[in-house]
Amino acid sequence: MNLDFKNKNVLVTGASRGIGSSIAFAFAQAGARIALNYASSDERAQEVLKTLPGSGHGLYKFDVAQADQVEGGIEKILKDFGSLQVVVNNAGITRDQILLRMKEDDWDQVMQTNLKSVFLVTRLAVKSMLKARHGSIINVSSIIGQTGQAGQSNYAAAKAGIIAFTKSIALEVASRSIRINCIAPGFIETDMTKSLSEDVRKGILDRVPMGSMGKPEDIAGGCLFLASPLASYITGHTLDVNGGLLMN
Ligand SMILES: NC(=O)c1ccc[n+]([C@@H]2O[C@H](COP(=O)([O-])OP(=O)(O)OC[C@H]3O[C@@H](n4cnc5c(N)ncnc54)[C@H](OP(=O)(O)O)[C@@H]3O)[C@@H](O)[C@H]2O)c1
């Protein structure tokens, strides 16, 4: 048993940068053919595509929060690739604000992009995997969905929702050999955390037992493991990748 993904097709949502691009790279390096999804960063997505080892990869630009776009996007991927063995629901956004200042639109956008998208993509992925009676889905949650965070009630609710959704679907599809798990990153160096002030950053680092922010590759490694035969008896699980932060 190893981390060989030759002849496997993998969809990674939100793969034009940050954690998603690292996940795509790791699966490509392990031999997989990658469908890279993104929303708007055309140039960055092209760059990521160029750096992927192997061949047969493709870019699929669609908004994971819009049902019609998800349907069209996944239909195209299945037409091009034939099948999907692994799907990583990684796309996500933040619209941080304390409750009394949070606009309805801040709530809706985060719930739609971070949670509804997981429902939309998973529904179609499961449908295609049921026929093969095989597949692995990984949903990117967050430590914030486990602890809560002032100023991030929308994001925390969406990320906690992903964990409950994942467990429910794991129960629905376990008998068909489809596994569905979450990965819950701590604080990872990407565009999403770039705007944190020095004070906030220092506050986080003081609380991380391992003393540093994580790298996108740390999350990619966890995804590779969860999708591999090494995790063949693991479903409905949330893998914490946070340098020990959840214990503090
Ligand atoms: N960074 C962290 O510390 C951290 C911690 C815990 C969890 N996470 C989670 O990890 C995931 C990736 O985070 P990141 O830090 O890598 O974020 P990022 O650098 O901001 O990248 C976000 C990615 O999601 C894509 N995206 C956003 N909205 C989309 C939509 N509606 N449809 C399709 N794609 C969309 C973006 O595409 P465009 O470039 O085209 O906009 C981009 O590729 C997110 O779910 C995030 O919540 C991150």
Please list, by residue number, every one of the trypsin sites (Lys or Arg not before Pro) in segment 127-213 that is coil in DSSP and has at most 11 other beta-carbon atoms within 10 Å. Arg133
May I ask you to sort Ile163, Ile219 by Cβ crowding, counting other Cβ atoms within 10 Å and putting the fewest first? Ile163, Ile219
Taking θ as phi - 60°, what are the ³J(HN,Hα) couplings along segment 207-220 by the Karplus curve (6.51, -1.76, 1.60), each to the nearest whole Hz, with x for Gly and Pro? 9, 7, x, 7, x, 8, 6, x, 10, x, 5, 5, 6, 4
For labels at Arg44 and Asn248 in the simple 7 Å Cα→Cβ model, what's the distance in nm? 2.7
Which of Glu71, Glu43, Glu172 has the fewest other C-beta atoms within 10 Å, and how do the rest follow up to the most? Glu43, Glu172, Glu71
For the chain, averaging the sequence separation of alpha carbon pairs under 8 Å that lie six or more residues apart and dividing by its residue count, the contact order in percent is 21
Among Ile98, Ile180, Ile23, which one moves the most in a GNM of the chain with springs linking Cα atoms closer than 10 Å? Ile98
Between segment 109-124 and segment 38-83, what's the alpha-carbon centroid distance in Å? 16
Can you return the lysines within cross-link range of Lys8? Criterion is Cα-Cα under 29 Å, with same-chain partners fewer than 8 residues away left out. Lys50, Lys61, Lys76, Lys79, Lys116, Lys127, Lys131, Lys159, Lys167, Lys215
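Take Met247, Met102, Met210 and order them by how many other Cβ atoms sit within 10 Å, fewest up front.
On the way: Met247 9, Met102 17, Met210 12.
By the 10 Å Cβ count, ascending, the order reads Met247, Met210, Met102.
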Whole-Hz Karplus ³J(HN,Hα) for segment 139-144, in order, using 6.51 cos²θ - 1.76 cosθ + 1.60 and θ = phi - 60°, x for Gly and Pro? 10, 8, 8, 6, 4, 5
Taking H placed 1.01 Å from N in the peptide plane, check which residues at least 5 places from Leu239 or on another chain put their amide H under 5 Å from its amide H. Cys182, Ile183, Ala184
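Throughout, read-outs are computed from the coordinates displayed, never taken from laboratory work. The model shown is predicted, which means the values in this text are computed figures rather than measured ones. Every residue, glycine among them, receives a Cβ derived from its backbone with ideal geometry; neighbour counts consider all protein chains shown.
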